[in-house]
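Undergrad: One structure follows; several queries about it will come next.
The values are calculated or read from the model by the stated rules, or taken from the named source; none is laboratory data. Because the structure is a prediction, the values reported are computed rather than measured. All Cβ positions, glycine included, derive from the backbone under ideal geometry; neighbour counts span all protein chains shown. Remember, those area values only see protein heavy atoms, side chains included, never the ligands or the DNA or RNA. Shrake-Rupley method; radii C 1.70, N 1.55, O 1.52, S 1.80 Å.
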Amino acid sequence: MEFSHNDNNYLPLTKFESMLKTNHVLFFDSEEFENIIHHYLNQGKIALAKKAIKLGLDQHPTSINLRLFKVELYVFEDKLPEADSLLNELHNIDPTNEEIYIQKANVFSKKDNHEQAIEVLKQALELTNDVVDLYSLIGMEYLFLDKYEDAKTYFMKCLEADMNDYSALYNVIYCFEFLNQNEDAISYLNIFLDKNPYCEVAWHQLGKQYFTLKDYKKALTSFDFAIISDDTFVGAYLERGKVLEQLKRYEDAIENYTITLKLDEPTSFALLRIGSCHEKLDNKDLALQYYDRTVHEDPLLDKGWIAITKFYNKKGDSQKALFFINKAINIDSENVVYWKLYAQINQRLKFYEEAERGYKKALELGNYELNTWLSRGDLLIKLGELEAAIFNFQQALEFYPENAELEYRLAGLFFTLKEYAKATFHLKNGFKLDEDYAFIIDELFPKISEELLVKNILKQIYK
C-alpha cells in the first residue's frame, strides 16, 4: 500500500517517523509495519526500511510477512545464503505460503539458476488463485534463458487473465519480434483487438509490425486507430510521421511530429525528423533551425550532429561541417561515425594529417570497414609514411585476406622500397585475385610503373 498525505493510512508513517526522532517506542500492528516497510522500499529508502523491519520484528517476532521483507532485503544486498536460510525456516513454518516460493525463486534467479526459479514459481501457481504476477515472473525467467517461445506463452497467459496488462502485451510482441515472427504478431494483435478494439497500445504495436514489413498503408491505418483510441498518444503520432516519410508525404509527416511537440516536452527525435523533412522539401533555413534545436535539446544524440554536419557538407561548406563535427567529437570522442566524418571532411579540405588521424581513430574504435583501411593507407602514402602504410594494409589483410585492392597497394609500396621479392609476391596475388585492379599501381605509384624492372615483372605476370 502506498501512503498519501490525504489518506488516513498516512498517520502510521508520520507516527513511525516521529518515533524515530524521539526514541520513544510506540506500538504498531504488523499490517501497519508492512505498509511502512513497503512504502520505504518503493521510495528506495533502504536504511529506513531496515529500521522498520527490525522494530516490526521486535514487536511481532512470529510475523511471516515481516520476515519475508527481511528476505527481500537480503536478496537486494546479495546476502543470498542468509536469504536461503531464512526462507527454509519460513517454509517449515508455512509450506503453503506462495510468497515464500516467489522469494525462493528470486534467490535462484539471482544465482542465474533460472530453470530452478521456474520450477519453484510453477509450484507457487498451485498454491494461489492470483496467478497473473506468477505468469509474468515465469515469463521473465524464460526471457533470461532466451527461451522466447516459452516466455511468449506465459505473457499470453497474463493477457488472458488481464487484457489491460500492457507490460505483458509489450513482452509478447518483444518475443514475436525477437523470433522474427512479424506475421504471427499481426495475427495475434488482430485477435486481441477483436476483443479489445479501443486498445491504443495494441493498435500502436500492430502499426509497428506493418511498418517492419513495409506495408505502409496498413501501418498508417493502425496508427490512425491508435490516435482515435487516444488522441494524446505521442508514440502513435511519431510512428505515423515515420510512415508518412516513407510515403514521401513530408508536409503531413511534419504535421504529425509537430503535434508531439505540443502534447509533451519536445523530443530530439521529433525535432530531427522535422528538420530532415524540411531538408527534403528544400526548406533549408527551416531544416537548419530544427537541426540546431535537436543538438541543443540532446547534445548526446549522434544523429543530430551527423545531420547538421552532412547538411553543411551537401552545401559544400566544409569549414562549417568541420566546426560542427569538432563540437560533436568534444562531446563524445568515442563515436566512430563522428571520426569517419571528421576524416572525410579534413580530406576534402586537404588537411591530410588530420584526415589520417580521423581514420586511425575510427579503426581504433573498431570500424574495420575495408574503405577505412584503404582511405587511411592512401593518406599515409600521400604523406610519405610508407612503412606505416604497409603496416596498415597488412593489418587490413587479416580482415580481408583475399582482396586485390590491398595486394596491389602492398606491391606498389614494396616496389617503392625496392623490396622486389615481396613486391612481386603481392603483385602476383593481386593479379590472381582481380587483374582489373592493376591500375592501382599506375594511379598511386606512377613513377614505379615506369621503371623497367617493374615493367618486366608485369610482362611476365601478364603472359
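Undergrad: Taking the Cβ of PHE269 as the center, what net charge do the other residues with Cβ under 10 Å away carry, scoring Lys and Arg +1 and Asp and Glu -1?
TA: The answer is +1.
Undergrad: Something else about it: Measure nothing fancy, just the Cα-based angle from helix 404-416's long axis to the longest principal axis of the chain, in degrees from 0 to 90, nearest 10.
TA: Its long axis makes an angle of about 50 degrees.
Undergrad: Sort SER276, SER18 by heavy-atom solvent-accessible area, probe 1.4 angstrom, most to least.
TA: Ranked from most to least accessible, the order is SER18, SER276.
Undergrad: How do LEU300, LEU379, LEU288 rank by accessible surface area computed with a 1.4 Å probe, from largest to smallest?
TA: Solvent-accessible surface, decreasing: LEU300, LEU288, LEU379.
Undergrad: Of all alpha-carbon pairs in region 1-153, indicate the percentage at a distance above 24 angstrom.
TA: 40
Undergrad: A further question on this structure: Thinking of the chain as a set of Cα atoms, what percent of all their pairs are more than 30 Å apart?
TA: Counting every Cα pair in the chain, those more than 30 Å apart make up 69 percent.
Undergrad: Using the Kirkwood radius over C-alpha pairs as Rh, can you work out the diffusion coefficient of region 7-69 via Stokes-Einstein at 37 °C, viscosity 0.692 mPa s, in µm² per second?
TA: 283
Undergrad: If PHE211, PHE178 are ordered by their accessible area, calculated over protein heavy atoms with a 1.4 Å probe, which sequence runs from highest to lowest?
TA: Ranked from most to least accessible, the order is PHE178, PHE211.
Undergrad: Please list the three semi-axes, largest first and in whole Å, of the ellipsoid equivalent to region 248-338, using sqrt of 5 times the eigenvalues of its alpha carbon gyration tensor.
TA: Sorted largest first and rounded, they come to 23, 16, 9 Å.
Undergrad: On to the next question. P(r) tail for region 200-271, what percent of Cα pairs lie past 20 Å?
TA: 21
Undergrad: Would you mind checking the radius of gyration and Dmax of region 32-96 based on alpha-carbon positions, in Å?
TA: Rg and Dmax of region 32-96, Cα atoms, are 11.5, 32 Å.
Undergrad: Further question on the same structure: When the Cα centres of region 98-138 and region 246-317 are compared, how far apart do they sit, in Å?
TA: 47
Undergrad: Compute the projected area of the convex hull of the Cα atoms of region 316-453, averaged over all viewing directions, and report it in nm² to one decimal place.
TA: It is 8.6 nm².
Undergrad: Also, quick follow-up: Could you give me D for region 76-128, from Stokes-Einstein at 4 °C and 1.567 mPa s, where the hydrodynamic radius is the Kirkwood radius over C-alpha pairs? Units µm² s⁻¹, please.
TA: Diffusion coefficient, whole number: 117 µm²/s.
Undergrad: Here's another thing I want to ask about it. Pairs LYS242/LYS314; LYS310/LYS361; LYS147/LYS218; LYS242/LYS360; LYS382/LYS422; LYS122/LYS152: which exceed 25 Å Cα-Cα?
TA: Among LYS242/LYS314; LYS310/LYS361; LYS147/LYS218; LYS242/LYS360; LYS382/LYS422; LYS122/LYS152, the Cα-Cα distance tops 25 Å for LYS147/LYS218; LYS242/LYS360.
Undergrad: If you don't mind, another one. Kirkwood-based Rg over Rh for region 121-169 (C-alpha set), two decimals?
TA: 0.96
Undergrad: Ok, one more. Using unit Cβ charges (K, R positive; D, E negative) and no other charged atoms, how large, in debye to the nearest 20, is the dipole of the chain about its Cα centre?
TA: With only Lys, Arg, Asp and Glu charged at Cβ, the dipole is about 2200 debye.
Undergrad: Shifting gears a bit: For q = 0.17, 0.22 Å⁻¹, what log10 I(q)/I(0) does region 355-422 give under the Debye formula with an equal point scatterer on each alpha carbon and no solvent?
TA: Calculated log10 I(q)/I(0) at the listed q: -0.54, -0.89.
Undergrad: What's the magnitude of the charge dipole for region 277-336 around its Cα centre, counting Lys and Arg as +1 and Asp and Glu as -1 at the beta-carbon? Answer in Debye, nearest 20.
TA: The dipole magnitude comes to about 260 debye.
Undergrad: Here's another thing I want to ask about it. Once Rh is set to the Kirkwood radius over Cα pairs, what Stokes-Einstein translational diffusion coefficient, in µm²/s, holds for region 230-381 at a temperature of 20 °C and a viscosity of 1.002 mPa s?
TA: Answer, rounded: 130 µm²/s.
Undergrad: Over its Cα atoms, what ratio of radius of gyration to 2.2 N^0.38 Å does region 80-222 give?
TA: Taking the Cα Rg and dividing by 2.2 N^0.38 Å, one obtains 1.25.
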